[in-house]
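*Asks:* I have a structure I would like to understand better, so I am pasting it below and will then ask my questions one at a time.
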Amino acid sequence: MSISADDEYFYIASYSWPEHAMGTGIQSWQEQVPIPQNYQGDNSWAIPLNPTMADTPLDTSEHLLKGALAVAVNGVPIFNVLNNRSENAFLIGELDNWGGHFGRGDDYHYHMIPTHLEDEIGTDTPLAYALDGYPVYGYTDEVLDNAFGRTDSEGNYRYHASLTVPYYIPFMMGEVTLDPTSLAPGDQIIPQAIQNAVRPSDDFKPVNGASVLGITETGKNAFSFEYEVSGTKYYVNYSWDDDCKFTYTYVDENGGTTNLPTNGSIGTGAGNTETFNNARFCVDVSLGEGGSNTSNDSTTSSDATDTTSDSVTTGGYSVTSALSNFTLSSIAIDEDGALLSDYQCEEKVNGVEKSIPISWANVPEGTGALAISIHAFTNTAVVETNSYLTLWNIDPSITEIAYGQANNGAWYMGPNKDGVGISYSSPCNPSGNSSTYYMTIYALSETPSSLPSENSLTVDYTVLKEAIESVTLIDSIEMEYISGPSN
């Protein structure tokens, strides 16, 4: 977020993408998911520098049901607590644990004053500025007028949050200009920033019984939106590329696509995947700290046997299954799919090379064991396979293998590339050539009985693949990456 000013306004430029998590707690959901907004340049939010009291304040129960009434100090706009159907968004369960939800433009915005921001900025600083120019603070014991405002000791007017419906700004006290093309109660203040809509949403409808569980960041500009209906979890997996091509994929917790509880979010004949181009704008974003679907202060443990985390190590390279939101990641691989030089040509210590860091998230239900392999194909007339890492009997509660820890976990391990030691083999290309590698994680119903219950020099990629055919393969992810010349 940034601010600037001219003689009339100060401008708030943002992407409306808060550092806290989004969505968790919504009980009345209408199929939207968040994307960053183009509140930049001429489309920034404009706040009057010299607010003036209006002769007739606007009653916000009768006016301003479209657009924002204020903008929070983190750049997220704040709409009327009454939605555009004149319903109290908080009371009907439309808001998440931070007082926000997603609009028709897949835009995240609040419908309540974000008093949780006081944990960051304190109680003596405005939490927002109303579009009439007056600041908005949190709760107070001071006596307030019928607009939930007061004049402070320096003679300046300010609004406050209240526990009384409608919770803030029952009356807009300052002078504002209304959009002449809209009529009450759907009128809105201008100037007003415009949302960055990607999908047509006129046909979107509430999903009966849906409870939003949260959002997980699965890669660069890639997210998995999770909700639950009647005990079954569903996912909207969405992402966008550098050309502003947005892809939305809809699946249930088992990768199914035939009984998705959606109304208008999937177009006719689209299957379970849709793509849209938004040439106006797209931006690189990250959920930041606390952007997982579990907690706003969650972390990913570096303990190779951690059983509590369900988040993906941020940064690096990630791939998500086409069937579910099962995700495989590595911080050792850059966003272009190239292995970083720091992880090439590892030195052997007691015959062991440090293994690549690997993490994963959202293991499919019904998984009894995980297996992991890294292999490459030799560049000969007869295609052969080199195995760089083979692991099996990994407990599904484990979510990562920290750097250098593949030899130290509660699982079994196969041979290095040369077949002479139980270890990982790191890529090393002193000749100046680049090679392609394939890392695969398998979610299995159980560990194949044909595999030994101990480390074994006989279990390479080929043996593992044959063994997997004897059990149910619930899901798998293959990550392709490149290792170039070593530095």
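*Asks:* Filter the range 36-45 down to residues that are in contact with a strand residue (DSSP E or B) (Cβ under 8 Å, 6 or more places away or on another chain) and surrounded by fewer than 22 Cβ atoms within 10 Å (Cβ to Cβ) and give me whichever is nearest to Phe102 (Cα to Cα).
*Replies:* Gln40
*Asks:* Inspect all residues belonging to the range 348-355 and state whether any of them is aliphatic (A, V, I, L, M), out of contact with any strand residue (DSSP E or B) (no Cβ under 6 Å at 6 or more places or on another chain) and in contact (Cβ under 8 Å) with a residue 12 or more places away in the chain.
*Replies:* Scanning the range 348-355, I find at least one residue that is aliphatic (A, V, I, L, M), out of contact with any strand residue (DSSP E or B) (no Cβ under 6 Å at 6 or more places or on another chain) and in contact (Cβ under 8 Å) with a residue 12 or more places away in the chain, so the answer is yes.
*Asks:* Hey, among the residues in the range 136-170 that are touching a residue at least 40 places away in the same chain (Cβ under 8 Å) and among the aliphatic types (A, V, I, L, M), which one's farthest from Ala54 (Cα to Cα)?
*Replies:* Val165
*Asks:* On the given criteria, is Glu400 touching an Asp or Glu at 6+ places or on another chain (Cβ under 8 Å), acidic (Asp, Glu) and buried (at least 23 other Cβ atoms within 10 Å of the Cβ)?
*Replies:* Yes, satisfied.
*Asks:* Out of everything in the range 228-256 that is without any contact (Cβ under 8 Å) to a residue 24 or more places away in the chain and at positive phi, what residue ends up being surrounded by the fewest Cβ atoms within 10 Å (Cβ to Cβ)?
*Replies:* The extreme case among them is Gly231.
*Asks:* Now a separate question. If I go through the range 404-422 residue by residue, how many of them are within 18 Å of Ser453 (Cα to Cα) and either of a type in the set (Gly, Ala, Ser) or under 31 Å from the mean Cα position of the chain (by Cα) (or both)?
*Replies:* Total meeting the criteria: 6.
*Asks:* Scanning the range 218-268 for residues that are outside any strand (DSSP E or B) and acidic (Asp, Glu), which turns out nearest to Ala361 (Cα to Cα)?
*Replies:* Only one residue tops the list, namely Glu253.
*Asks:* Of everything in the range 47-65, what is surrounded by 18 or more Cβ atoms within 10 Å (Cβ to Cβ) and of a type outside the set (S, T, N, Q)? Give them in sequence order. Give the derivation first.
*Replies:* At the first step, the residues of the range 47-65 found to be surrounded by 18 or more Cβ atoms within 10 Å (Cβ to Cβ) are 47-48, 51, 57-58, 60, 63-65.
Residues satisfying the conditions are Ile47, Pro48, Pro51, Pro57, Leu58, His63, Leu64, Leu65.
*Asks:* Follow-up question, since we're still on this one. Of all residues in the range 204-227 being out of contact with any strand residue (DSSP E or B) (no Cβ under 7 Å at 6 or more places or on another chain) and within 15 Å of Trp29 (Cβ to Cβ), which is surrounded by the most Cβ atoms within 10 Å (Cβ to Cβ)?
*Replies:* For the range 204-227, the residue satisfying everything is Phe204.
*Asks:* Still on this model: Taking Ser435 as the residue in question, decide whether it is among the polar types (S, T, N, Q) and more than 36 Å from the chain's Cα centre (by Cα).
*Replies:* no
*Asks:* Take the conditions more than 30 Å from the chain's Cα centre (by Cα) and charged (D, E, K, R) and apply them to Glu400. Does it pass?
*Replies:* So Glu400 fails the test.
*Asks:* Related question: Please find, among Ala13, Ala54, Ala21, Ala46, the residue that is within 25 Å of the chain's Cα centre (by Cα) and either over 26 Å from Ser201 (Cβ atoms) or not in a loop (DSSP other than H, G, I, E, B) (or both).
*Replies:* So the residue among Ala13, Ala54, Ala21, Ala46 that is within 25 Å of the chain's Cα centre (by Cα) and either over 26 Å from Ser201 (Cβ atoms) or not in a loop (DSSP other than H, G, I, E, B) (or both) is Ala13.
*Asks:* From the residues in the range 11-35 that are β-branched (Val, Ile, Thr) and closer than 23 Å to Ile194 by Cα, which one is surrounded by the most Cβ atoms within 10 Å (Cβ to Cβ)?
*Replies:* The residue in question is Ile35.
*Asks:* Tell me yes or no: at least one residue of the range 438-452 is crowded, with 16+ Cβ neighbours inside 10 Å, in contact (Cβ under 8 Å) with a residue 24 or more places away in the chain, touching a helix residue (DSSP H, G or I) at 6+ places or on another chain (Cβ under 6 Å) and of a type in the set (A, V, I, L, M, F, W, C).
*Replies:* Within the range 438-452, one or more residues are crowded, with 16+ Cβ neighbours inside 10 Å, in contact (Cβ under 8 Å) with a residue 24 or more places away in the chain, touching a helix residue (DSSP H, G or I) at 6+ places or on another chain (Cβ under 6 Å) and of a type in the set (A, V, I, L, M, F, W, C).
*Asks:* Kindly provide the set of residues from the range 179-193 that are under 26 Å from Leu144 (Cα atoms) and in a strand (DSSP E or B), ordered by number. Can you show your working first?
*Replies:* Within the range 179-193, the first condition is being under 26 Å from Leu144 (Cα atoms), and the residues that meet it are 185, 188-189.
Listed by number, the list holds a single entry, Ile189.
*Asks:* Yes or no: the range 77-99 includes at least one residue that is basic (Lys, Arg), out of contact with any Phe, Trp or Tyr (no Cβ under 8 Å at 6 or more places or on another chain) and touching a residue at least 12 places away in the same chain (Cβ under 8 Å).
*Replies:* Scanning the range 77-99 turns up no residue that is basic (Lys, Arg), out of contact with any Phe, Trp or Tyr (no Cβ under 8 Å at 6 or more places or on another chain) and touching a residue at least 12 places away in the same chain (Cβ under 8 Å).
*Asks:* Is there a residue being under 20 Å from Ser16 (Cα atoms), among the acidic types (Asp, Glu) and in contact with a strand residue (DSSP E or B) (Cβ under 8 Å, 6 or more places away or on another chain) anywhere in the range 54-64?
*Replies:* Scanning the range 54-64, I find no residue that is under 20 Å from Ser16 (Cα atoms), among the acidic types (Asp, Glu) and in contact with a strand residue (DSSP E or B) (Cβ under 8 Å, 6 or more places away or on another chain), so the answer is no.
*Asks:* Being within 34 Å of the chain's Cα centre (by Cα) and either surrounded by fewer than 18 Cβ atoms within 10 Å (Cβ to Cβ) or more than 25 Å from Arg85 (Cβ to Cβ) (or both), is that true of even one residue in the range 143-157?
*Replies:* No: zero hits.
Quick note: the coordinates plus some simple rules give every number you see, no bench work behind them. In this text the structure is predicted, and so the values were computed from the model without any measurement. Ideal geometry is used to build each Cβ from the backbone, glycine not excepted, and the neighbour counts take in all protein chains shown.
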